[in-house]
Amino acid sequence: MATSTTVAAVREIRRAQRADGPAAVLGIGTATPPFCVLQDDFPDYYFRVTNKEHLTHLKDTFRRLCRITGLERRFFHHTEQMLNAHPSFLHGNGDLDARLDMVAKAAPELAASAAATAIARWGRPATDITHLVVSTSSEARAPGTDLGLASRLGLRAGVHRTVLQLGGCSAGCAALRLAKDLAENNRGARVLVACVELTLTGFRGPRQGDTFDTLVPQAVFSDGAGAVVVGADADAEGDGGERPLFEMMAASQTLVPGSTHLLNVRLGASGVAGDVSARLQSFAAQDLERCLLDALAPLGLGIGVGGDGEVRWNDLFWAVHPGSRGILDHIDAALRLEPGKLAASRTVLREYGNMMSATVIFVLDELRRRIDEEGEEAATEWGVMVGFGPGFTVETMVLHATSTPTRSDISTDREGTVAPVSEPVLPFQD
């Protein structure tokens, strides 16, 4: 039977293991492959490289679909030359091993580019990373991108690795939610989140029986990687001088009842596939307000609540996963948002497309850039991050924007690929 002294000791040990303050975003990095296709040109490109130009009626449908997505360009690891060398990729019913082999090599490289930038912006050596969380819907191997990424970055052998697979578009928010828990429950922890997506495992040519819905994945998804360093109790005076960007105040996940048929992701013999319903755009918005209220209520901060008790959603900043322009339009209408409130999400969607789990990190980086450029006065103090994924699942996180200046010495080029960093890539080490 435990004595009161033992109970007190256990509680003190547990208290000492936890951080004092909330987890915060300490550094952000993004990366894309170099190959880019303009969305206006994509229908012609897609039907030409897949040798399906004779399906003219389907091409017209696909052209209309591409036009309404809100995208201007997308980036891909797979090129026309790669597809020509592997014609079975066009049918989506063979060579899954070959696809996974390519992803196994390319995913860690792309993730490392994003992570190197996030670590450089954070300002401390990669060996100070204690936890690694990798999210991807592009591979199904263990060890996989997590080990390859750790090796390329020179993380220590004792780093705690966790992999999230097939989480789809909400997985970026889920990975950050996990990082928040790890940072707050392990004093001194520094968590690297890396989300990397390559559509090669889901690419296929158009089929005679395709419809508007079944072609959606080919019209909106693209390749990219995003990385975030997360930690609590930032050390502003230590080596590198940590600077929190967004404090992560509360996180929640909600499964919308009766919605499992609207969005799903699965790995089969033909690669990664899924169902995306045309109803998803309106469905994503109609339950969002309730999810947001549930996330904000426990904080007791009265965030955005007016004298009449109505929530002023325009008092917040927004980091919404931009699945498509239609989803953002429906959210604007449902929450009565002012023009420009979803500007960061719309910019990322337009410039990069839907990169599934990595996309929300691009949105956070765009918000950070806007705050840096427009100054502290332009930044709203409180905000929310939102992601939608299989289930149908809504992920939310309440964020608090800090007023500390950020590092702006690490930049990306115009195509979204990461500029070289001075740190060498080291072997996986102790």
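If you check PHE203, PHE246 for being among the aromatic types (Phe, Trp, Tyr), on the phi < 0 side of the Ramachandran plot and within 18 Å of the chain's Cα centre (by Cα), only one passes: PHE246. Filtering the stretch 121-144 to residues that are assigned to a helix (DSSP H, G or I) and out of contact with any Ser or Thr (no Cβ under 8 Å at 6 or more places or on another chain) leaves TRP122, ALA126, THR127, ASP128. Listed by first and then second residue, the pairs linking a residue in the stretch 35-64 that is in contact (Cβ under 8 Å) with a residue 24 or more places away in the chain to a residue that is hydroxyl-bearing (Ser, Thr, Tyr), with Cβ atoms under 6 Å apart and 6 or more places separating them unless they lie on different chains, are PHE35/THR79; VAL37/TYR45. The residue that is surrounded by the fewest Cβ atoms within 10 Å (Cβ to Cβ), counting only those in the stretch 120-136 that are out of contact with any strand residue (DSSP E or B) (no Cβ under 6 Å at 6 or more places or on another chain) and under 20 Å from GLU109 (Cα atoms), is PRO125. A count restricted to the stretch 16-54 and to residues that are out of contact with any strand residue (DSSP E or B) (no Cβ under 8 Å at 6 or more places or on another chain), over 30 Å from ASP181 (Cβ atoms) and either among the polar types (S, T, N, Q) or open to solvent by 10 Å² or more (accessible area, probe 1.4 Å) (or both) stands at 9.
In the set GLY154, GLY205, GLY167, GLY172, only one residue is among the small types (Gly, Ala, Ser), outside the structural domain of HIS321 (by the TED database), touching a Pro at 6+ places or on another chain (Cβ under 9 Å) and open to solvent by less than 20 Å² (accessible area, probe 1.4 Å); that residue is GLY154. Scan the stretch 208-250 for residues that are over 30 Å from SER88 (Cα atoms), open to solvent by 10 Å² or more (accessible area, probe 1.4 Å) and among the acidic types (Asp, Glu) and jot them down. Selection gives ASP233, ASP235, GLU237, ASP239, GLU247.
Condition check for LEU147 on (1) part of a loop (DSSP other than H, G, I, E, B); (2) open to solvent by 20 Å² or more (accessible area, probe 1.4 Å): one failure, at (1). Across the stretch 344-353, a minimum of one residue is classified as of a type outside the set (A, V, I, L, M), modelled with pLDDT of 90 or more, within 20 Å of GLN286 (Cα to Cα) and open to solvent by 30 Å² or more (accessible area, probe 1.4 Å). The set of residues in the stretch 66-93 that are aliphatic (A, V, I, L, M) and open to solvent by 10 Å² or more (accessible area, probe 1.4 Å) comprises ILE68, LEU71, MET82, ALA85, LEU90.
Among the residues of the stretch 307-358, those identified as small (Gly, Ala, Ser), closer than 22 Å to HIS400 by Cα and in a helix (DSSP H, G or I) are ALA343, ALA344, SER345, SER357, ALA358.
The values are calculated or read from the model by the stated rules, or taken from the named source; none is laboratory data. Note that the structure is a prediction, hence the values are computed from the model and not measured. No Cβ is skipped: glycine too gets one built from the backbone with ideal geometry, and neighbour counts run over all protein chains shown. Keep in mind that these areas ignore ligands, DNA and RNA; they rest on the heavy atoms of the full protein, side chains included. Shrake-Rupley method; radii C 1.70, N 1.55, O 1.52, S 1.80 Å.
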